[in-house]
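For reference, the structure is listed below as structure tokens.
Here, each number is a calculation from the coordinates, and none is a lab measurement. No experiment lies behind these values; they were computed from the predicted model shown. Positions of Cβ are generated from backbone atoms using ideal geometry, with glycine treated the same way; all protein chains shown enter the neighbour counts.
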Amino acid sequence: MEYAKENSIIEMMQTEFPEAHFTVKKERRIEVKMPSGRLYDFAVRMQKKWNFLHLSAISCVDWIDDGEFELVYHFWNYDEKVLVMAKIRIPREEEGDSHFETISNLWQPAKFFERDIHEMFGVYFDGSEDMERFILTDWTGPPPMRKDFITREFALNFYHYREYEPQWLKDMMAAGEGNE
Amino acid sequence: MDEKLTQRSVWEKIAAKLSKRSLWMLHYCTGCGAIELPPTMTARFDMERFGINPMVTPRQADILLITGYLSVKTLKRVVLTYEQMQAPKYVVGFGSCTINGGMYWNSYATMKSLDRYIPVETYIAGCMPRPEAIIHSFNELIAKIDRGEANSWKDYYKNYDFYRKNQEHTFEGPIETYNDIKADAALFRI
């Protein structure tokens, strides 16, 4: 049978999370969409019960038209060699930070992912020990990875660009100087 | 150029003659340009034949080679490093990123022209410049030192307010520096 291993894992998880929606994306890749309130329980079971010991990454997607952020948690099982992507959606705040709960007490590396998402997207993870700035230490602008942040506009306003045809050079050329 | 800068005593001329052949380059690499330095240092192009050696500490170095783009976070470290170097000191901007931002011209996180923050002695255009170009610019630098024209480091002491203003604009507030530039300027009689 195709995807026998993946389907048995899904069956095991579906009994405890009937509201979650599981799909097999391809071989050894499982996607699960669930309500945001169930994510912490899911993460606890992933680590303690189902032996998904490795949290590969937490990523964030800005669905600006839906007014939502999508957080994707990537869990890896070393024995089964299966990656589970747990996707949840949280409301997107136009001003200030969106909030979600941390899982850094389960996985230490989650601290870094959460700090990164906080400064890049403006999602604050409540309950984390350390939400200081990580890479953009001197940043005061809006979170730069949001879809409504226009990189070019910000750069043109903020930085000084070299002037290639300044007025003094044009005046000099008009007066006949500078031409050999 | 005003007269005070161009007039040199005999001792300064002798010092320039001697120091132009013993330049130490700070081994501090930013961006992707660092990959061109190993061939420049080692047997193929061998910059030591011009008396240029890599040095690991800013206090003992003469040349600060900025190899490629500078993010705002790195720029802060570069400014602190530059201020710790002993005068005379020469900055070489390497690659188009230091000139006008290069391929990162619309990035929110990288600075666009290096000479707004620290005075630059020579630029090397290109993405990437080959080791021949680096050697060429070092020879230009040596010739400038010999002629007594490599005085851009004095510009930092003369126009410190301009550089400081640009730095504070980019870092969104004052930065903590370890050197008193105004006091140093009085020491150098600039």
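Does at least one position in region B:155-172 carry a residue that is within 19 Å of B:Ile63 (Cβ to Cβ), basic (Lys, Arg) and more than 14 Å from chain A (Cβ to nearest Cβ)?
no
Output the number of the condition that B:Val79 fails; it satisfies all remaining conditions of (1) surrounded by fewer than 22 Cβ atoms within 10 Å (Cβ to Cβ); (2) in contact (Cβ under 8 Å) with a residue 12 or more places away in the chain; (3) away from chain A (no Cβ under 14 Å).
(3)
Which condition from (1) in a helix (DSSP H, G or I); (2) under 12 Å from the mean Cα position of the chain (by Cα); (3) within 24 Å of B:Lys17 (Cβ to Cβ); (4) of a type outside the set (Asp, Glu) is the one that B:Val91 breaks?
Single failed check for B:Val91: (1).
A quick yes/no check of all residues on (1) in a strand (DSSP E or B); (2) small (Gly, Ala, Ser); (3) out of contact with any strand residue (DSSP E or B) (no Cβ under 8 Å at 6 or more places or on another chain):
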residue: A:Met13; (1), (2), (3): no, no, no
residue: A:Gly37; (1), (2), (3): no, yes, yes
residue: A:Val44; (1), (2), (3): no, no, yes
residue: A:Leu55; (1), (2), (3): yes, no, no
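Just to be sure, is A:Asp65 surrounded by fewer than 15 Cβ atoms within 10 Å (Cβ to Cβ) and not in a helix (DSSP H, G or I)?
Yes, satisfied.
In region A:85-180, which helices (runs of 4 or more DSSP H) lie fully inside it and hold 1 or more residues that are more than 14 Å from chain B (Cβ to nearest Cβ) and at negative phi?
Because the criterion is at least 1 residues that are more than 14 Å from chain B (Cβ to nearest Cβ) and at negative phi, the helices (runs of 4 or more DSSP H) in region A:85-180 that meet it are A:110-121, A:167-174.
Any idea which of (1) without any contact (Cβ under 8 Å) to a residue 60 or more places away in the chain; (2) part of a helix (DSSP H, G or I); (3) buried (at least 17 other Cβ atoms within 10 Å of the Cβ) is the one B:Ala183 doesn't satisfy?
Single failed check for B:Ala183: (3).
Hey, does region B:128-138 have a residue that's within 14 Å of chain A (Cβ to nearest Cβ), touching a residue at least 24 places away in the same chain (Cβ under 8 Å) and not in a loop (DSSP other than H, G, I, E, B)?
Checked against the condition, which is being within 14 Å of chain A (Cβ to nearest Cβ), touching a residue at least 24 places away in the same chain (Cβ under 8 Å) and not in a loop (DSSP other than H, G, I, E, B), region B:128-138 yields no hits at all.
Considering only residues that are surrounded by fewer than 17 Cβ atoms within 10 Å (Cβ to Cβ) and not aliphatic (A, V, I, L, M), which ones fall in region B:131-149?
Listed by number, the residues that qualify are B:Glu132, B:His136, B:Asn139, B:Glu140, B:Asp146, B:Arg147, B:Gly148, B:Glu149.
Among the numbered criteria (1) within 14 Å of chain A (Cβ to nearest Cβ); (2) surrounded by fewer than 18 Cβ atoms within 10 Å (Cβ to Cβ); (3) in contact (Cβ under 8 Å) with a residue 60 or more places away in the chain, which one does B:Lys73 miss?
The one condition B:Lys73 does not meet is (3).
Picking from A:Glu101, A:Glu93, A:Glu80, A:Glu119, which residue would you name as being in contact with a Pro (Cβ under 8 Å, 6 or more places away or on another chain) and charged (D, E, K, R)?
Exactly one of A:Glu101, A:Glu93, A:Glu80, A:Glu119 is in contact with a Pro (Cβ under 8 Å, 6 or more places away or on another chain) and charged (D, E, K, R), namely A:Glu119.
Can you tell me how many residues within region A:153-172 are surrounded by fewer than 12 Cβ atoms within 10 Å (Cβ to Cβ) and over 19 Å from B:Leu114 (Cα atoms)?
So the answer is 5.
Where residues in region A:122-152 are in contact (Cβ under 8 Å) with a residue 40 or more places away in the chain and among the aliphatic types (A, V, I, L, M), which of them is surrounded by the most Cβ atoms within 10 Å (Cβ to Cβ)?
Residue satisfying both the conditions and the ranking: A:Val123.
I'd like to know if region B:122-131 contains one or more residues that are of a type in the set (D, E, K, R) and out of contact with any helix residue (DSSP H, G or I) (no Cβ under 9 Å at 6 or more places or on another chain).
Within region B:122-131, not a single residue is of a type in the set (D, E, K, R) and out of contact with any helix residue (DSSP H, G or I) (no Cβ under 9 Å at 6 or more places or on another chain).
Keeping to region B:150-171, report how many residues are surrounded by 15 or more Cβ atoms within 10 Å (Cβ to Cβ) and outside any helix (DSSP H, G or I).
Counting residues in region B:150-171 that are surrounded by 15 or more Cβ atoms within 10 Å (Cβ to Cβ) and outside any helix (DSSP H, G or I) gives 2.
Which one of the conditions (1) among the hydrophobic types (A, V, I, L, M, F, W, C); (2) assigned to a loop (DSSP other than H, G, I, E, B); (3) closer than 30 Å to A:Met120 by Cα does B:Val120 fail to meet, given that it meets all the rest?
Only one criterion is unmet by B:Val120, namely (3).
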